[in-house]
Amino acid sequence: MRSQISRRAFIKGSIAAAGTVVAGTGIAKAADALVNEKKEPLATLLDIRKCIGCEECVHACRDVNAAKYPEPEKPFPKMYPKTVPVQDWSDKREVIDRLTPYNWLFIQHASVSLNGQETELTIPRRCMHCANPPCVKLCPWGAAKQEKNGLSRIDADLCLGGSKCKAVCPWSIPERQTGVGLYLDLMPALAGNGVMYKCDRCYNRLEKGEIPACIQVCPENVQTIGPRQKILEQAHTLAKEINGYVYGEHENGGTHTIYVSPVPFDQLNAAIEKGKGKPHLDQVENMMADGTNLSRAMLIAPLAGLAAAFGKFYLRSKEKNS
Amino acid sequence: MKSKGKIRSYIYGLILFLITLSGFGQMPIFSRYYIASIPGLGWLGEFYTTHILHYASAVGLIALAVYVLFDFVIQGAGVKRITGSGYLKMGIIAGLIISGGLMAVKNLPGIYWDHTAVIVLDLTHLGFCMALLMVSLYTLILKKTWVR
């Protein structure tokens, strides 16, 4: 097993070198294209066959996003009721086998049967970046945001750590760190509990025309990023070629993370370890669909009120005339 | 007539209760304070349930508001009969409906609004809600009516 220090040093060096060397290369062209593709949401395609589980993406993510990680103040303020859970990952920053406030991407393992052979597949897991993200749309304070390029992120300066985003996320992606953020300046005893953290798809790199670190450092080119429609076309072409399966296109009404697998996702879902910080690969209905339908009813509601008022007037006039 | 007015008041009271309860349910407070742990109130801690109830109550509130408004206009009851607190509550409810309607639009797929605008909208809606609660409490205690 390689030491983390050397690997980190390698990744940092790779990213720095890549930044200076790649001008004129495919990556630079892709980055330029991303800047110019602001009108259409971006999606990533993950070809599960290619992933070798080397975790370069995991460490690259940790390195480039280290400045965004929480530095909680201790001791934590007392919260009421006393049973409100404190969630502290600050002493477990090295954990990389699940999602935490300090680890926004991890590798899931699945032992499955492929062409009659027992095979171990590895799957990079992080936020799916839903097309209509419940974490963003249902955040009570607007602390979770969705950019025009489709990525969703949580503003650490605004988040109060209520964990609603995690509760409404079909994959329970965001993770909380207590003792950090705006709630400390408000009423830490009575409201709030820290800040929620998750993959922000390297929004600050995208703004500069760079691609997310996990994509850039992958030695196997597992991930491809581009306009969602093109990515979907690529995904279906690939799935057809390998007689494979697509995940993320329709889940929760559609996401900006599209997986292509050589084995059905229900098999993968059965094979992966699921639980806290380890999201499933199950089918997900559109969690925002009922709200969208009721929004339509809100448009009809004034007509119903109007009809009732005129109906009453009509009946009363009829009564008077008779 | 009076009984019909009473029914309308009860419907308004029921909608106001449900929309306020489900509105507060949009914030993660019922689980934190173990209100959702009280038998029968578990649904208060389920965000999608309170979200749907809030929207459904909003449909009822919008329909009722338009009905009352046009019923009043068609009857020719005269705006002079409306009390000061009645005007105040009308204004607040209009603000709630407009800001809430905009929030419903914001929640539709493919809608990307400026982040600051979303925060302002959230706080405006909450502000109107608190104002309506306070004014309603005031009119309830002092038995102030909508019309003279």
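Observations, loosely collected:
- Top-ranked residue in the range A:81-93 [being touching a residue at least 60 places away in the same chain (Cβ under 8 Å), of a type outside the set (S, T, Y) and out of contact with any strand residue (DSSP E or B) (no Cβ under 6 Å at 6 or more places or on another chain); ranked as surrounded by the fewest Cβ atoms within 10 Å (Cβ to Cβ)]: A:P85
- Residue match in the range A:230-242 (condition: of a type in the set (S, T, Y) and either within 14 Å of chain B (Cβ to nearest Cβ) or buried (at least 20 other Cβ atoms within 10 Å of the Cβ) (or both)): no
- Considering (1) surrounded by fewer than 17 Cβ atoms within 10 Å (Cβ to Cβ); (2) over 21 Å from A:W141 (Cα atoms), the lone condition that B:Y67 does not fulfil carries the number (1).
- Some residue of the range A:84-105 being among the hydroxyl-bearing types (S, T, Y), over 23 Å from the mean Cα position of the chain (by Cα) and assigned to a loop (DSSP other than H, G, I, E, B): no
- Restricting attention to the range B:31-44 and to residues that are buried (at least 20 other Cβ atoms within 10 Å of the Cβ) and at the interface with chain A (Cβ under 10 Å from one of its Cβ atoms), the residue that is farthest from A:A191 (Cα to Cα) turns out to be B:S31.
- Members of the range A:256-305 that are more than 20 Å from A:I107 (Cβ to Cβ) and of a type in the set (V, I, T): A:V284, A:T292, A:I300
- The range A:132-147: number of residues that are closer than 21 Å to A:E285 by Cα and within 7 Å of another protein chain (Cβ to nearest Cβ): 4
- Within this structure, A:I258 passes the test of being closer than 30 Å to B:A104 by Cα and either assigned to a strand (DSSP E or B) or of a type in the set (S, T, Y) (or both).
- When the range A:186-207 is filtered for residues that are part of a loop (DSSP other than H, G, I, E, B) and either basic (K, R) or more than 16 Å from the chain's Cα centre (by Cα) (or both), the ones remaining, listed by number, are A:L186, A:M187, A:P188, A:A189, A:L190, A:A191, A:G192, A:N193, A:G194, A:K198, A:R201.
- Total residues in the range A:151-178 satisfying the condition of being more than 12 Å from every other protein chain (Cβ to nearest Cβ) and assigned to a strand (DSSP E or B): the figure is 2.
- Residue ID - nearest to B:F70 (Cα to Cα), chosen from residues in the range A:278-309 that are of a type in the set (A, V, I, L, M, F, W, C) and surrounded by fewer than 14 Cβ atoms within 10 Å (Cβ to Cβ): A:L303
- Evaluation of B:Y67 against (1) over 16 Å from the mean Cα position of the chain (by Cα); (2) over 21 Å from B:D122 (Cα atoms); (3) not assigned by TED's automatic domain parsing to the domain that holds B:V147 (one fails), failing number: (1)
- Selection status of A:A271, hydrophobic (A, V, I, L, M, F, W, C) and within 9 Å of chain B (Cβ to nearest Cβ): no
- Selection status of B:P28, within 13 Å of another protein chain (Cβ to nearest Cβ) and over 12 Å from the mean Cα position of the chain (by Cα): yes
- Scan of the range A:253-290 for residues that are in contact with a Phe, Trp or Tyr (Cβ under 6 Å, 6 or more places away or on another chain) and touching a residue at least 24 places away in the same chain (Cβ under 8 Å), ordered by number: A:Y259, A:S261, A:P279, A:L281
- Any hit, the range B:7-18, residues being at negative phi, among the small types (G, A, S) and under 17 Å from the mean Cα position of the chain (by Cα): yes
- B:A117, sole failed condition from (1) in contact with a helix residue (DSSP H, G or I) (Cβ under 7 Å, 6 or more places away or on another chain); (2) within 30 Å of A:L158 (Cα to Cα): (1)
- Of the helices (runs of 4 or more DSSP H) contained entirely in the range B:46-148, those carrying at least 3 residues that are free of Cβ contacts under 8 Å to residues at least 24 places away in the same chain and more than 9 Å from chain A (Cβ to nearest Cβ) fall at B:84-106, B:115-141.
- A:S295 being of a type in the set (S, T, N, Q), outside any loop (DSSP other than H, G, I, E, B) and more than 29 Å from A:K166 (Cβ to Cβ): no
The values are calculated or read from the model by the stated rules, or taken from the named source; none is laboratory data. All values derive from a computational prediction rather than experimental measurement. With ideal geometry, Cβ positions are generated from the backbone for all residues, glycine too; neighbour counts draw on all protein chains shown.
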